[in-house]
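**Student:** This is the structure I want to talk about, given as structure tokens.
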Amino acid sequence: MARQRVCHLITDSVIIGGAETFLINLTAQLADQYDQTVICLTGNGALLDRLRQIGIEAVSVGMAGKGDLAALWRLVALLRRFRPEVLHTHLFHASLLGSIIGRLLRIPVVLSTEHTAGLHGYRGSMARIRTALSDKVVAVSWAVREALVRVGVRPSKIEVIVNGLPLDQFQKQGERERVRSELGIPPGAVVIGKVAGFRPVKGHEDLVRAFSQVAGEFPCSLLLLVGDGVRRRPVEQLVRELGLSGRVIFAGFRQDVPVLLSAMDVLALASLWEGMPLSVLEAMAAGLAVVATRTGGIPEVVVEGETGLLVPPGDPAALAGALREVLRHPDRTQQMGEAGRRRMDGAYDIRRTAQAYHQVYQALLRRR
């Protein structure tokens, strides 16, 4: 009997962020159950390479912009050729386009994963429209589910499946000193790390301003920023203006995040809104305490005072206060990291996540 085919549609292939990393993990886990193809709307970059390395077919339609009708026809031709039983979309543009084309081509099951709770204005309206054209939308946290309901999505259309990780990848023993040496981190330094694309929603400026308030009190502390994106240069300029050039390391885009986490002592995330950030799950899987903003799905995974500390978004002073707390009490910070690792073992394994998606696929196919 021929295996069922799932086509995943995602917006971009150049920058690998949380949604792209999740897609890599999910397709790897579902490879034994489905024939899968990942189609990217734009670019011909790192995401395609990573997927092909793990044996997942991956292509780009090379869309140059909203009016690129030739790329649109290439997408239609690909879907007609692959004839998937399931079209699974990720991120705003791919989900909007995929919901329309999926229905026009009569693909049996069309569903999307909603990765963010930041459904404001136009994006909220479009979420309601594309969800009406889909069989199901998967929310990566209960906060995302609430955001979808607020913009008018019927609760019966929503399934909550929390993100998961290949947890064994984050037990990196013996890598800490090597990575620290590679990054130029001096012995004895206390490293506050952040793993996120440089986008306005990620709040890098708030974190840098918070760090500037504690750097003088803790001269051995460093800030390690992993990632790249449109806001990197403005953040670099802010670092220079605050006199922190020797205290902030810009590591750029890296594909060895589990190894980099081993070089950190605490993870900090200053996002304005989130769905269920993989960087928080990854840090906890690596045994790090987390200092993060109380937004989206973060409070669902970070237990205040037990696995980390939470502060209001957009408040550098509150973030600085939480950083002082973890820097002043390293033993307690280590205990929070250990508690976070235990919490990951219980509920956030990618095998559990993939099984939940498999069950949703099959339920929708039976309904069809």
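**Student:** Among what's in segment 167-185 and is of a type outside the set (D, E, K, R) and out of contact with any strand residue (DSSP E or B) (no Cβ under 8 Å at 6 or more places or on another chain), pick the residue that is farthest from L288 (Cα to Cα).
**Tutor:** The selected residue is S181.
**Student:** For residues that are open to solvent by less than 40 Å² (accessible area, probe 1.4 Å) and not polar (S, T, N, Q), scanning just segment 134-145, find the one that is farthest from L9 (Cα to Cα).
**Tutor:** Kept after step one, since they are open to solvent by less than 40 Å² (accessible area, probe 1.4 Å), are these residues of segment 134-145: 134-141, 143-144.
With not polar (S, T, N, Q) added as a condition, the list becomes 135-140, 143-144.
Details: D135: 15, K136: 15, V137: 14, V138: 14, A139: 17, V140: 17, A143: 24, V144: 20 Å.
In this case the residue turns out to be A143.
**Student:** Is it true that D168 is touching a Leu at 6+ places or on another chain (Cβ under 8 Å) and open to solvent by 20 Å² or more (accessible area, probe 1.4 Å)?
**Tutor:** For D168, the condition - touching a Leu at 6+ places or on another chain (Cβ under 8 Å) and open to solvent by 20 Å² or more (accessible area, probe 1.4 Å) - is not met.
**Student:** Out of segment 215-236, which residues are in a loop (DSSP other than H, G, I, E, B) and open to solvent by less than 20 Å² (accessible area, probe 1.4 Å)?
**Tutor:** Listed by number, the residues that qualify are A215, G227.
**Student:** Condition (residue is open to solvent by 50 Å² or more (accessible area, probe 1.4 Å), of a type outside the set (G, A, S), part of a strand (DSSP E or B) and without any contact (Cβ under 8 Å) to a residue 60 or more places away in the chain) applied to segment 50-68: is it met by at least one residue?
**Tutor:** yes
Every residue, every condition in (1) farther than 13 Å from L41 by Cα; (2) modelled with pLDDT of 95 or more; (3) under 22 Å from the mean Cα position of the chain (by Cα), yes or no:
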position: A58; (1), (2), (3): no, yes, yes
position: G62; (1), (2), (3): no, no, no
position: A71; (1), (2), (3): no, no, no
position: V76; (1), (2), (3): no, yes, no
position: R80; (1), (2), (3): yes, yes, no
position: P84; (1), (2), (3): yes, yes, no
position: H88; (1), (2), (3): yes, yes, yes
position: F92; (1), (2), (3): no, no, yes
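**Student:** Do you know which residues across segment 252-271 are touching a residue at least 40 places away in the same chain (Cβ under 8 Å) and either among the polar types (S, T, N, Q) or open to solvent by 10 Å² or more (accessible area, probe 1.4 Å) (or both)?
**Tutor:** Passing the criteria: F253, Q255, V257, P258, V259, S262, D265, S271.
**Student:** Starting from segment 296-313, keep only residues that are at pLDDT below 95, then list their pairs with residues that are assigned to a loop (DSSP other than H, G, I, E, B) and open to solvent by 50 Å² or more (accessible area, probe 1.4 Å) whose Cβ atoms are within a distance under 8 Å, requiring at least 6 positions of separation or different chains.
**Tutor:** G296/W273
**Student:** Look at segment 1-40 and say how many of its residues are modelled with pLDDT of 95 or more and part of a strand (DSSP E or B).
**Tutor:** 12
**Student:** So for segment 237-248 (the condition being touching a residue at least 12 places away in the same chain (Cβ under 8 Å), assigned to a helix (DSSP H, G or I), within 29 Å of L48 (Cα to Cα) and more than 18 Å from the chain's Cα centre (by Cα)), does at least one residue qualify?
**Tutor:** no
**Student:** Okay, next question. Wholly within segment 272-368, which helices (runs of 4 or more DSSP H) include no fewer than the required count, namely at least 2 residues that are open to solvent by 30 Å² or more (accessible area, probe 1.4 Å) and over 24 Å from F170 (Cβ atoms)? Before you say what the answer is, go through the steps one by one.
**Tutor:** Numbers: elements: 278-285, 298-301, 316-328, 330-347, 350-367.
Those helices (runs of 4 or more DSSP H) span 316-328, 350-367.
**Student:** Please report, ordered by residue number, the helices (runs of 4 or more DSSP H) entirely within segment 136-214 with at least 1 residues that are touching a Phe, Trp or Tyr at 6+ places or on another chain (Cβ under 9 Å).
**Tutor:** Because the criterion is at least 1 residues that are touching a Phe, Trp or Tyr at 6+ places or on another chain (Cβ under 9 Å), the helices (runs of 4 or more DSSP H) in segment 136-214 that meet it are 142-150, 204-214.
**Student:** Also: If you go through segment 104-133, how many residues are modelled with pLDDT of 95 or more, surrounded by 16 or more Cβ atoms within 10 Å (Cβ to Cβ) and not in a strand (DSSP E or B)?
**Tutor:** 2
**Student:** Please state which of the following conditions S13 fails to meet, knowing it meets all the rest: (1) in contact (Cβ under 8 Å) with a residue 12 or more places away in the chain; (2) open to solvent by 40 Å² or more (accessible area, probe 1.4 Å); (3) among the small types (G, A, S).
**Tutor:** S13 satisfies all of (1) in contact (Cβ under 8 Å) with a residue 12 or more places away in the chain; (2) open to solvent by 40 Å² or more (accessible area, probe 1.4 Å); (3) among the small types (G, A, S) except (2).
**Student:** Where residues in segment 79-94 are in a helix (DSSP H, G or I) and touching a residue at least 40 places away in the same chain (Cβ under 8 Å), which of them is surrounded by the most Cβ atoms within 10 Å (Cβ to Cβ)? I'd like the intermediate steps shown before the answer.
**Tutor:** Quick first cut of segment 79-94, residues in a helix (DSSP H, G or I) only: 79-82, 92-94.
Within this subset, residues satisfying the condition of being touching a residue at least 40 places away in the same chain (Cβ under 8 Å) are 79, 82, 92-94.
Working: L79: 21, F82: 18, F92: 19, H93: 17, A94: 23.
Checking each candidate, the answer is A94.
The values are calculated or read from the model by the stated rules, or taken from the named source; none is laboratory data. What you are looking at is a predicted structure, and each value in this text was computed from that prediction instead of being measured. Note that we place each Cβ from the backbone using ideal geometry, even for glycine, and neighbour counts take in every protein chain shown. Keep in mind that these areas ignore ligands, DNA and RNA; they rest on the heavy atoms of the full protein, side chains included. Shrake-Rupley method; radii C 1.70, N 1.55, O 1.52, S 1.80 Å.
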